[in-house]
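Trainee: For reference, the structure I am asking about is given below.
Rule-based calculations on the coordinates, nothing more; no lab input. Computed from a predicted structure; not experimentally measured. Cβ: placed from backbone, ideal geometry, glycine included. Neighbour counts: every protein chain shown.
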Protein chains: 6
Amino acid sequence: MNAPKYFEEINPGDVFKTFGRTITEADIVLHAGQSGDFYPHHLNAEFAKTTPFGQRIAHGTLTFTVVIGLKACRFNPVAFTYGFDRIRFPKPVYIGDTISVLATIVTKQEDPKRPRFGRYIERVEATNQRGEVVLVCDHIALVERAAPISQPD
Amino acid sequence: MNAPKYFEEINPGDVFKTFGRTITEADIVLHAGQSGDFYPHHLNAEFAKTTPFGQRIAHGTLTFTVVIGLKACRFNPVAFTYGFDRIRFPKPVYIGDTISVLATIVTKQEDPKRPRFGRYIERVEATNQRGEVVLVCDHIALVERAAPISQPD
Amino acid sequence: MNAPKYFEEINPGDVFKTFGRTITEADIVLHAGQSGDFYPHHLNAEFAKTTPFGQRIAHGTLTFTVVIGLKACRFNPVAFTYGFDRIRFPKPVYIGDTISVLATIVTKQEDPKRPRFGRYIERVEATNQRGEVVLVCDHIALVERAAPISQPD
Amino acid sequence: MNAPKYFEEINPGDVFKTFGRTITEADIVLHAGQSGDFYPHHLNAEFAKTTPFGQRIAHGTLTFTVVIGLKACRFNPVAFTYGFDRIRFPKPVYIGDTISVLATIVTKQEDPKRPRFGRYIERVEATNQRGEVVLVCDHIALVERAAPISQPD
Amino acid sequence: MNAPKYFEEINPGDVFKTFGRTITEADIVLHAGQSGDFYPHHLNAEFAKTTPFGQRIAHGTLTFTVVIGLKACRFNPVAFTYGFDRIRFPKPVYIGDTISVLATIVTKQEDPKRPRFGRYIERVEATNQRGEVVLVCDHIALVERAAPISQPD
Amino acid sequence: MNAPKYFEEINPGDVFKTFGRTITEADIVLHAGQSGDFYPHHLNAEFAKTTPFGQRIAHGTLTFTVVIGLKACRFNPVAFTYGFDRIRFPKPVYIGDTISVLATIVTKQEDPKRPRFGRYIERVEATNQRGEVVLVCDHIALVERAAPISQPD
């Protein structure tokens with residue numbers, strides 16, 4: 001089991017770098033099957049040749065799923081996802097591309113409504129083997145405090 | 001094949017309602033397998049009993065994948081995803097919950113850098129069978145214009 | 001949700017053309033896993049080299065599943081499958097082939113036993129990227145009438 | 001490896017009975033993923049309550065895939081599928097139903113165009129644990145002759 | 001259904017040879033998803049280039065699963081797995097390798113505690129298309145006796 | 001990325017306890033699909049009622065795969081699997097059982113043929129939510145030494 005990492009131990013500038021993972025044709029087939037999105041950009045090699053990309057590309061939701069999943073190899077039992085902001089896909093992901101993720105804590109703040117928790121924003125940036133950024137987003141997380149903030153009466 | 005729906009034909013207030021889909025234990029198992037996220041909140045029924053939810057919950061990335069996939073049953077060959085903003089998960093998704101999606105066009109604007117395209121923001125709201133909202137986000141899309149805007153010289 | 005299309009609106013000669021979809025090695029592996037058919041024609045690349053085809057081929061049930069599934073992108077809530085006749089596989093499907101489907105209404109008739117329904121036969125023809133037909137069958141469907149036929153007493 | 005069973009050894013009245021297999025919710029989820037058919041009759045438990053069946057039912061193509069797959073546990077290296085006739089689905093398959101297959105050789109005939117092969121038709125009947133028939137079809141197969149028929153000159 | 005094969009009918013020197021099966025990239029992706037093992041040796045093509053193998057290799061548990069599964073095409077309803085000894089992986093399995101299995105009964109003995117059963121050890125050896133052994137193990141099985149040994153009183 | 005843990009840092013008595021994971025019906029269906037083992041003990045709920053277990057049980061290779069996969073959440077880039085000894089399955093795993101793993105280093109020794117490596121044996125014990133042991137085995141691993149042993153000339 002992983003040790004908890006509390007709000008007090010998390011600071012802007014902290015970085016975490018994940019393994020890389022190669023996106024395969026099988027991943028795209030499985031993602032179509034899970035999402036129900038069988039658009040020809042992802043599943044039709046002939047159609048894909050006629051697009052500006054010239055080949056099939058990964059679903060945005062697949063890239064997002066793999067990116068967030070890569071981060072999950074580091075489990076913090078006291079942190080919880082609140083949401084995600086500004087998800088962008090600067091470059092497409094092709095079959096055979098290998099993606100790794102760099103996550104950087106960018107801000108940290110008290111959560112006025114939850115004295116036992118703090119909140120941080122983590123900039124998530126996924127890069128392929130050519131160094132191109134393929135996904136960015138801000139991950140907003142709640143994390144328990146080791147010591148709850150004292151509440152004025 | 002679906003007919004294209006151009007920027008000029010898309011207007012704030014347009015709504016689209018999808019089928020519903022039941023999230024099964026199999027979906028969660030498959031999503032763990034695709035994402036690599038085997039956190040006990042999703043995969044460990046005994047642990048889950050000890051959480052505030054009292055049972056296993058779907059991964060946020062699974063809910064997001066299914067929600068965006070449900071929208072994919074309506075294919076517009078001239079529209080492209082630019083990104084997603086403000087993804088939030090107001091309520092958990094449990095095994096057996098049935099989710100459907102209401103998408104509403106909220107804004108529409110020219111894209112100064114791309115005269116052949118316009119941009120719209122679609123509010124995506126996913127609701128379970130109890131009427132509770134389980135995911136909201138803003139989907140930002142680019143869509144071709146039937147007639148490109150004339151460029152001043 | 002899709003609008004219903006009643007018996008009265010369906011006529012011989014109506015055609016429907018689907019997206020194309022590329023059959024991948026992953027599809028064959030998944031189909032072996034779903035069907036339990038691990039015959040070496042589908043799963044053993046060395047054996048397959050010794051057959052007249054010279055390579056692995058898709059299961060007939062996989063091709064059939066994908067073909068019928070491609071048609072499912074157009075949902076008619078008042079139509080129901082009654083059965084299939086004369087399924088034939090004129091050419092094999094290889095890994096990497098892209099299949100699309102043309103469905104043509106060929107006959108339409110009252111259903112004496114079901115006054116609220118009519119019946120139609122749809123010829124389903126799946127073609128690969130070289131224009132070769134890889135599957136044909138007749139799909140027999142029941143569809144609700146907008147107005148039930150009056151019953152003589 | 002299985003021994004070949006030639007045309008001369010196959011006779012009307014021969015029967016083959018397979019194992020049974022329980023159709024699970026996971027099978028339906030996987031089949032939706034493979035076929036792309038996410039119709040609410042199969043994937044939406046709330047909608048399914050409102051249908052005459054009162055619950056989700058298996059895809060016809062799933063039942064067909066499992067039935068033909070169950071037969072594949074007996075491999076005959078000299079037999080080949082030619083096609084299928086008269087596929088019917090007399091009763092729905094529900095989650096948790098267990099299906100087994102009885103295959104009976106019904107006819108056998110020379111194949112005038114292929115002196116090295118004969119042809120047989122096998123009646124395939126799948127039954128659930130309540131003894132109800134859920135699928136019938138005729139499987140048409142080509143099978144090598146131990147001795148090719150002599151060709152008159 | 002398969003006929004039972006009792007302890008008395010099983011003898012040292014008996015061999016069984018299975019079909020071959022090609023290990024695909026999809027198999028590795030699916031195995032990562034089932035096991036939760038996303039190590040870069042299996043899933044990261046860029047990393048794998050830097051290892052002594054120069055490419056991705058199958059998980060040991062995947063090779064083991066496929067090898068034992070290949071043997072399962074011959075079902076003996078009166079035999080049960082007791083355990084496995086000395087599993088070794090003399091050579092790696094690469095994507096595209098085709099594996100087949102030779103199983104040889106090596107010993108057979110009474111099971112003093114279970115008069116209705118005997119025990120045998122089966123040497124399992126899996127070979128790739130280059131004739132290299134990729135997995136060996138000893139499979140220990142219990143099998144019913146046609147005639148239980150008489151118990152002295 | 002995980003820091004390497006060298007031979008010198010690994011000692012008999014070291015223990016590692018994993019997360020738990022619930023074995024679902026979907027896991028068994030997926031494992032049948034990956035292994036090709038569709039035996040009725042795993043896939044046929046009606047047959048399973050007639051066995052001493054009274055219900056379907058997980059494949060031994062599935063339990064083994066999950067157990068070894070659970071250990072993979074702790075990646076040591078300088079350790080390699082050599083093999084497994086004495087795999088036993090003292091109790092069956094049922095659908096819904098939750099398994100966790102305790103791994104204990106039991107021995108550690110030089111590897112005379114590989115001066116840069118040492119070898120350790122890790123006792124792997126998987127337990128269900130009732131505290132029953134469902135799998136034991138010995139995992140034999142090679143691990144790099146921080147300092148290679150000096151070679152006499």
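Trainee: Read phi for every residue in segment B:82-87 and hand back ³J(HN,Hα) as whole Hz from Karplus 6.51 cos²θ - 1.76 cosθ + 1.60, θ = phi - 60°, with x for Gly and Pro.
Mentor: For segment B:82-87, the Karplus-derived couplings read 9, x, 9, 10, 6, 6 Hz, x marking Gly and Pro.
Trainee: Kirkwood hydrodynamic radius (Cα pairs, Å) of segment D:37-105?
Mentor: It is 14.1 Å.
Trainee: Check which residues have an amide H placed less than 5 Å from D:Gly96's amide H, if you skip close sequence neighbours.
Mentor: Sorted by chain and number, the residues that satisfy this are D:Ile23, D:Thr24, D:Glu25.
Trainee: Going by C-beta contacts inside 10 Å, put C:Thr81, B:Thr107, E:Thr61 in order with the fewest on the left. All intermediate terms of the calculation are to be shown ahead of the outcome.
Mentor: Numbers: C:Thr81 16, B:Thr107 12, E:Thr61 24.
Ascending Cβ contact count within 10 Å gives the list B:Thr107, C:Thr81, E:Thr61.
Trainee: Please tell me which of these pairs span more than 23 angstrom C-alpha to C-alpha: B:Lys5/D:Lys49; A:Lys5/E:Lys49; D:Lys17/E:Lys71; D:Lys17/D:Lys49?
Mentor: Distance filter (> 23 Å) returns B:Lys5/D:Lys49; A:Lys5/E:Lys49; D:Lys17/D:Lys49.
Trainee: If you don't mind, there's one more thing I want to ask. How much mean residue ellipticity at 222 nm does chain E get from its helices, if each DSSP H run of length 4 or more adds -39500 (n - 2.57) and you divide by all residues, to the nearest 500 deg cm²/dmol?
Mentor: Mean residue ellipticity, 222 nm, calculated: -5500 deg cm²/dmol.
Trainee: Work through the residues other than B:Arg114 whose Cβ is under 13 Å from its Cβ and net out their charges, Lys, Arg +1 and Asp, Glu -1.
Mentor: +1
Trainee: A further question on this structure: Sort out for me the Cα centre separation of segment E:7-80 from segment D:1-64, rounded to whole Å.
Mentor: Each part's Cα centre sits 27 Å from the other's.
Trainee: Continuing with the same structure: Can you quote the Å³ per residue value for the convex hull of the Cα atoms in segment F:82-153, rounded to an integer?
Mentor: 93 Å³
Trainee: Let me ask something additional. One quarter of the convex hull surface, Cα atoms only: what value does that give for segment D:59-98 in nm²? If you can, show how the numbers build up before the last one.
Mentor: On the way: hull surface 14.6 nm².
Dividing the Cα hull surface by four gives the mean projection, 3.6 nm².
Trainee: Could you give me the percent of Cα pairs per 5 Å distance bin for segment A:10-144, shortest bin first, beginning at zero and ending with the bin that holds the maximum distance?
Mentor: Calculated P(r), rounded to whole percents: 2, 10, 18, 20, 17, 12, 9, 6, 4, 1, 0, 0.
Trainee: Between the helical axis of B:25-35 and the dominant principal axis of chain B, each derived from Cα atoms, what acute angle in degrees is found, rounded to the nearest 10?
Mentor: With both axes taken from Cα atoms, the answer is about 60 degrees.
Trainee: Build a GNM of chain F with springs between Cα atoms under 10 Å: which of F:Arg21, F:Arg116, F:Arg86 gets the top mean-square fluctuation?
Mentor: F:Arg86
Trainee: Follow-up. Taking chain B as a Gaussian network, where each spring joins two C-alpha atoms under 10 Å apart, which residue of B:Thr50, B:Thr63, B:Thr98 fluctuates the most?
Mentor: Its mean-square fluctuation being the largest, the pick is B:Thr50.
Trainee: Right, here's the next one. Given a 10 angstrom Cα cut-off, can you work out which residue in A:Leu43, A:Leu135, A:Leu30 is the most mobile in a GNM of chain A?
Mentor: Most flexible of the set in this elastic network: A:Leu30.
Trainee: By its C-alpha gyration tensor, with a ≥ b ≥ c as the square roots of the eigenvalues, how is segment C:1-76 shaped: rounded for a/c under 1.5, else prolate for a/b larger than b/c, else oblate?
Mentor: Prolate is the answer for segment C:1-76, as a/c is 1.5 or above and a/b outweighs b/c.
Trainee: Run through segment F:86-134 and list the GluC sites (Glu not before Pro) located in a DSSP loop whose Cβ has at most 13 other Cβ atoms within 10 Å.
Mentor: Within segment F:86-134, the qualifying GluC sites (Glu not before Pro) (loop, at most 13 other Cβ atoms within 10 Å) are F:Glu132.
Trainee: Turning to a different aspect of this structure: Taking the Cα-to-Cβ direction at B:Val15 and at D:Phe53 and moving 7 Å from each Cα, how far apart do the two end points lie in nm?
Mentor: According to this spin-label approximation, the distance is 3.0 nm.
Trainee: Here's a follow-up. Can you give the local net charge around C:Arg86? Use residues other than it whose beta-carbon is closer than 13 angstrom to its beta-carbon, Lys and Arg +1, Asp and Glu -1.
Mentor: Taking every other residue near C:Arg86 into account, the sum is -3.
Trainee: Is there a quick way to get the dipole size of segment B:54-110? I mean about its Cα centre, with the Cβ of Lys and Arg at +1 and of Asp and Glu at -1; what is the value in debye to the nearest 20?
Mentor: Dipole magnitude for segment B:54-110 comes out near 100 debye.
Trainee: Next up: For the residue pair F:Lys91 and A:Val106, what label-to-label distance in nm results when each label sits 7 Å from Cα along the Cα-to-beta-carbon direction?
Mentor: Those two pseudo-labels are separated by 4.9 nm.
Trainee: Principal axes first, then extents: for the Cα atoms of the protein assembly as shown, list largest minus smallest coordinate on each axis, whole Å, largest first.
Mentor: 96, 89, 54
Trainee: Quick check: the angle from helix D:60-71's long axis to the longest principal axis of chain D, C-alpha only, nearest 10 degrees?
Mentor: So the inclination is approximately 50 degrees.
Trainee: Leaving out same-chain residues fewer than 8 places away, which aspartates and glutamates sit with a Cα under 12 Å from that of C:Lys108?
Mentor: In chain and number order, the partners are C:Glu8, C:Glu9, C:Asp14, C:Glu122.
Trainee: Give me, ordered by chain and number, the residues 5 or more places off D:Lys108 or on other chains with an amide H under 5 Å from its own placed amide H.
Mentor: So D:Lys108 has HN proximity to D:Ile121.
Trainee: Summing +1 for each Lys or Arg and -1 for each Asp or Glu, what net charge is found among the other residues whose Cβ lies under 15 Å from the Cβ of E:Arg145?
Mentor: Result for the local shell: +1.
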